[in-house]
Amino acid sequence: MDIVLCAVSAAALDICLLVLIIAAYREKHSEKKSWNKLIHHMELAGPDTVYELGCDEILIGRHASADIRLPDLSVSRYHAMLTVNASGIWTITDIGSKSGLFVNGNLVKKAVLRENDIIGLGNRRLVFRRRGGNGQ
Amino acid sequence: MVNNPIAYLFSCIFVLGAHIAMLANVMLSDGSGGSFVLLAAGVIGLDLVCFTVMPFFRQQSYTIDFMLILVLNMSVIMQSCFGGVGFAVKHWITCIVALGACRVGYLLCRDHKWLEMQKKYYYIGIGVLMLITVLFTGSRSMWINLGENTSIQPSEFIKPLFVLACATSVTEQQKRHRILGFNVVYDNLALFGLTAAICLMQWWCRDLGSLPTFVGIYAAGFLLRICYPKTKFSKKSLVGAGLALALAAVLAVFFAPEYVRERIFSDIWSDTSGNGYQQSKALIAIAEGGWFGKGPTNGFLHEVFAHENDIVFATICEEWGLLFALMTVLALIMMVAVPLISPPRSYFHATMSACVCAAFTVQMALNIFGSCNMIPFTGVTIPFISSGGSSMLVSGLMIGMLSACQSPVFRDPEPFRFNAEAPKRRRRA
């Protein structure tokens, strides 16, 4: 009898944990939606890759620890940092790169990004665009 | 779940279902006396109140809160059945306090930019608490007695402040200064100094059991600092730090006070009435309980000192079985692992989550492995399962911090301005 009672309790706890984990995964999608709304559904697009902007500070560089990794020797290991403020405005900052940071062809140290701006890091070009856009 | 009431409803039903299954187990094991009715009313009532109040906080995620309610009421049921059904009112009240502390932690820690601006207060707060501990707890204790059966442990309150101190300044890793030929970050030095001071205080107060918790929090914060963009911390330095830590641990074992070395090197089975008393009884109880336990209220471990906190894992194993005890631990692990499912959107919150997870994991490991004689007995509690007011309050606060990481607010910091107009107006009035 004790075995049955304990097994039933453990099974109920097991199912409850499973339900809560499933709910957590479902919440993940709704949380992602509200994040995308905050950042105005922006993303960075390369020639053949699209990079999601998933947190408030995004490091771009050649190093393996960079959030957006560009495996190109013309890109510094830690090249630029993308940050977003509460109004969803993205800013890009040069964090001591060797080849410099370019926005729409202009060499900048720090710049506020607008839709369809072209960011130049070494030989690489990334387009700051709205999600699902065609890029350039 | 804020946009999905069906998921919220299902979560409520299944949490309630898990508690009702446990209560049914208690009822069929020990009959249905007045104490049982009180226990059932307390547990189900607390569940229903929480489910009703929670939506008012408009959180992005409620998963951690549901897991907290699940674990807290499980602990109320388990604590009420040690050696016979009797509603553990004191533990039930501390659970309510923990739930309140969780709300406070959640509301205070949502805005990471505001939290980063309060850095100096964390250091001041820790300093004051350390002073209180040293001055008011006596030379070899961590407790302040407030009267009959009431005491608080001020060092417990250092934990959430220390977590916040570890999480601040992570983004300032680029601001390096050259001192004696070394590149150093002032904040890292300050944090290291603070950690050393806390460790010294723990050593002085003979509470070495809590030391690994603080070291775990610091290690988690330290790793996140290394990982922060552009720290360029060399692998050689990291290996050096690891080796230095290992050497310090070995030296600490050999130069530890006499009573600590006795615990480390003693064989519990040759000293079952002395140093090995609690651990030997705990191991016998785990073995007697087996996979499915003797049934709630049917154990003998409740006669052993600290059965409801220091060796609570063994007490649960004996009465509810190893399977159920492991499931309880799994529930706790899942609660702190929720940030892995939905990672925080800011580096501050990520560091804070890692530090809270480290604290909870180390505490659980110390208690469980200590009960099973795999490491020396430390007397550290399992968060939310063991009884204890200070521990419960602080654990609630820390889980609130974890919950805040799941529903952050991104707000531009407002510069602090001293309102010089107000006193003038008052004078005029």
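The values are calculated or read from the model by the stated rules, or taken from the named source; none is laboratory data. Being a predicted model, the structure only gives us computed values, none of them experimental. No Cβ is skipped: glycine too gets one built from the backbone with ideal geometry, and neighbour counts run over all protein chains shown. These accessible areas exclude ligands, DNA and RNA; they are computed on the full protein's heavy atoms, side chains included. Shrake-Rupley method; radii C 1.70, N 1.55, O 1.52, S 1.80 Å.
Structure notes:
- Residue within the stretch A:42-50 that is within 8 Å of chain B (Cβ to nearest Cβ) and out of contact with any Gly (no Cβ under 7 Å at 6 or more places or on another chain) present: no
- The number of residues in the stretch B:167-182 that are assigned to a loop (DSSP other than H, G, I, E, B), open to solvent by 40 Å² or more (accessible area, probe 1.4 Å) and of a type outside the set (A, V, I, L, M, F, W, C) comes to 4.
- Matching option when the condition is open to solvent by 40 Å² or more (accessible area, probe 1.4 Å), among the aliphatic types (A, V, I, L, M), over 13 Å from the mean Cα position of the chain (by Cα) and more than 8 Å from every other protein chain (Cβ to nearest Cβ), among A:Ala64, A:Ala80: A:Ala64
- So B:Leu340, is it at pLDDT 90 or above and either surrounded by fewer than 24 Cβ atoms within 10 Å (Cβ to Cβ) or in a helix (DSSP H, G or I) (or both): no
- Lone qualifier among B:Thr213, B:Thr133 - being part of a helix (DSSP H, G or I), open to solvent by less than 10 Å² (accessible area, probe 1.4 Å) and in contact with a Lys or Arg (Cβ under 8 Å, 6 or more places away or on another chain): B:Thr213
- Positions within the stretch B:21-38 being within 14 Å of chain A (Cβ to nearest Cβ) and either under 26 Å from B:Ser407 (Cβ atoms) or part of a helix (DSSP H, G or I) (or both), in sequence order: B:Ala21, B:Met22, B:Leu23, B:Ala24, B:Asn25, B:Val26, B:Met27, B:Leu28, B:Ser29, B:Asp30
- In the stretch B:245-268, the condition of being of a type in the set (A, V, I, L, M) and in contact with a Ser or Thr (Cβ under 6 Å, 6 or more places away or on another chain) is met by at least one residue.
- Those residues of the stretch B:343-357 which are open to solvent by 20 Å² or more (accessible area, probe 1.4 Å) and touching a residue at least 24 places away in the same chain (Cβ under 8 Å), in sequence order: B:Pro344, B:Arg345, B:Tyr347, B:Ala350, B:Ala354, B:Cys357
- Criterion (open to solvent by less than 40 Å² (accessible area, probe 1.4 Å), more than 14 Å from chain A (Cβ to nearest Cβ) and either on the phi > 0 side of the Ramachandran plot or of a type in the set (Gly, Ala, Ser) (or both)) met by exactly one of B:Ala18, B:Ala101, B:Ala41: B:Ala101
Residue-wise test of (1) in contact with a Leu (Cβ under 8 Å, 6 or more places away or on another chain); (2) within 8 Å of another protein chain (Cβ to nearest Cβ).
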position	(1), (2)
B:Phe292	yes, yes
B:Gly295	yes, yes
B:Glu303	no, no
B:Phe324	yes, yes
B:Pro339	yes, no
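- Breaking point among (1) touching a residue at least 12 places away in the same chain (Cβ under 8 Å); (2) at negative phi; (3) not in a helix (DSSP H, G or I), for B:Gly84: (2)
- Residue among A:Leu70, A:Leu107 that alone is more than 9 Å from chain B (Cβ to nearest Cβ), open to solvent by less than 30 Å² (accessible area, probe 1.4 Å) and at negative phi: A:Leu70
- Pairs with Cβ under 7 Å, 6+ apart, first in the stretch B:191-215 and on the phi < 0 side of the Ramachandran plot and free of Cβ contacts under 8 Å to residues at least 12 places away in the same chain, second surrounded by 14 or more Cβ atoms within 10 Å (Cβ to Cβ) and of a type in the set (A, V, I, L, M): none
- All of (1) of a type in the set (S, T, N, Q); (2) within 29 Å of B:Ala404 (Cα to Cα); (3) in contact (Cβ under 8 Å) with a residue 24 or more places away in the chain hold for A:Thr91 with one exception: (3).
- For the stretch A:22-38, a residue qualifies if it is open to solvent by less than 80 Å² (accessible area, probe 1.4 Å) and at the interface with chain B (Cβ under 7 Å from one of its Cβ atoms), and the qualifying residues are A:Ala23, A:Ala24, A:Glu27, A:Lys28, A:Ser30, A:Glu31, A:Ser34, A:Trp35, A:Leu38.
- Positions within the stretch B:363-378 being over 18 Å from B:Ala287 (Cα atoms) and assigned to a helix (DSSP H, G or I), in sequence order: B:Gln363, B:Met364, B:Ala365, B:Leu366
- Matching entry among B:Met335, B:Met392 (being crowded, with 24+ Cβ neighbours inside 10 Å, of a type in the set (A, V, I, L, M, F, W, C) and closer than 23 Å to B:Trp143 by Cα): B:Met392
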